[in-house]
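Asks: The structure that follows is given in the form of structure tokens.
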Amino acid sequence: MSIEMRPPAAAAVAGALDYYLVLPERRDDGTPADGIVVEEFVLGGDHTAIGLDCAGWTAADGQWWSSAAFSRGMRGEPDLRRRVAAVPRRDAEAVYRRLGGGELPSETELRSLFRDREPLGEPPLLLGSPDVPDGFHDRRLYRVLFAGELAGEGLAHLLAGWRMTPPGDFADPRARVAGTARLSVAGDLFSWDLRRIGPGVAWCLDLTACLAGPSDAAVRPLLRQLTTAMRYEGLIPVTIERFS
């Protein structure tokens, strides 16, 4: 199904960091969060993830820290993942002030706090020369892998926002693809599948990019936009890979 979605400006989207609140284990004491985590994927020239930077701030001591181990825990430890909530920067700013931190540092300042990078991935796993449709010169397949479970309202929000029609068999736990959407940007054609990787295990977003022009500049902001939408529904991105 086609989707009318405005492609975001590359500078506005690709330059933004990812913000998370670390919620308290007890949610009944009125405390909005125990702290804030800021992350950014380090991308290679082909828009795949080669590293993950992280900085965190703990309200109890008012200190900033950097920890690749914490980023791994957000993705690999279900109990910690349930306490992490993706938010836009404006919400992180409000919580930071409320917790006594003052004004949240600028993104340039926050990047200076990244001191413990988590290396990611190998060179792209190119599975052979893909069939390139007529009118295009390159066809690429990217996969964004996410930790967490997507169901109920979160899944419905994505299907509706991207105007996806779920296949008739998706109620079957063995079914994998929840929906497909398409978008044309300046002659380039993009399509993406929202895919379940095993019940309760993980999800991924498979983006196929058919490029007509000499530049691949539309790939990065679109990956960013789609990934952000999934973050806001409770999933945490793990890596961005390329298969063709």
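The values are calculated or read from the model by the stated rules, or taken from the named source; none is laboratory data. Keep in mind that what you see is a predicted model, and the values were worked out from it rather than measured. Because the Cβ atoms are built from the backbone with ideal geometry, glycine has one as well, and the counts that use them run over all protein chains shown. What goes into the accessible areas is simple: the full protein's heavy atoms, side chains included, and nothing from ligands, DNA or RNA. Shrake-Rupley method; radii C 1.70, N 1.55, O 1.52, S 1.80 Å.
Asks: Suppose a student asked you for the relative contact order of segment 39-183, using Cα pairs under 8 Å spaced at least 6 residues apart; what percent would you report?
Replies: So the answer I get is 21 percent.
Asks: Now for a separate question. Any idea which of V177, F136, P166 is furthest toward the positive side of the dipole for segment 134-177, if Lys and Arg beta-carbons carry +1 and Asp and Glu beta-carbons -1?
Replies: Towards the positive end, the residue furthest out is F136.
Asks: Roughly speaking, what is the stretch gain from D116 to F136, that is 0.36 nm per residue apart minus the C-alpha to C-alpha distance, in nm to one decimal?
Replies: Once the chain is fully extended between D116 and F136, it gains 3.2 nm.
Asks: Further, regarding this structure: With a cut-off of at most 14 other beta carbons within 10 Å, and DSSP calling the residue loop, which chymotrypsin sites (Phe, Trp or Tyr not before Pro) in segment 44-88 qualify? Please list them.
Replies: Passing both the DSSP loop test and the Cβ count: no residue.
Asks: Quick one: compute the contact order of segment 147-242, relative version, from alpha carbon pairs under 8 angstrom and 6+ residues apart, as a percent.
Replies: Once divided by the residue count of segment 147-242, the mean separation gives 28 percent.
Asks: Here's another thing I want to ask about it. Accessible area of segment 149-237 with a 1.4 Å probe: how many percent of it is carbon plus sulfur?
Replies: 57
Asks: Also: At 222 nm, what helix-only mean residue ellipticity would the chain give, in deg cm²/dmol to the nearest 500, using -39500 (n - 2.57) for each DSSP H run of four or more?
Replies: -6000 deg cm²/dmol
Asks: Continuing with this model, one more query. Select from L205, S112, A156 the residue farthest towards the positive end of the dipole of the chain; place +1 on Cβ of Lys and Arg, -1 on Cβ of Asp and Glu, and compute about the Cα centre.
Replies: After comparing all options, I get A156.
Asks: Here's something else I'd like to know. Note down the relative contact order for the chain as a percent, whole number, built from C-alpha pairs under 8 angstrom at least six residues apart.
Replies: This gives 25 percent for the chain.
Asks: Nothing charged except the Cβ atoms of Lys and Arg (+1) and of Asp and Glu (-1): what's the magnitude of the dipole of the chain about its Cα centre? Round to the nearest 20 debye.
Replies: 220
Asks: Please give the per residue volume of the convex hull enclosing the alpha carbon atoms of the chain, rounded to a whole number of Å³.
Replies: 140
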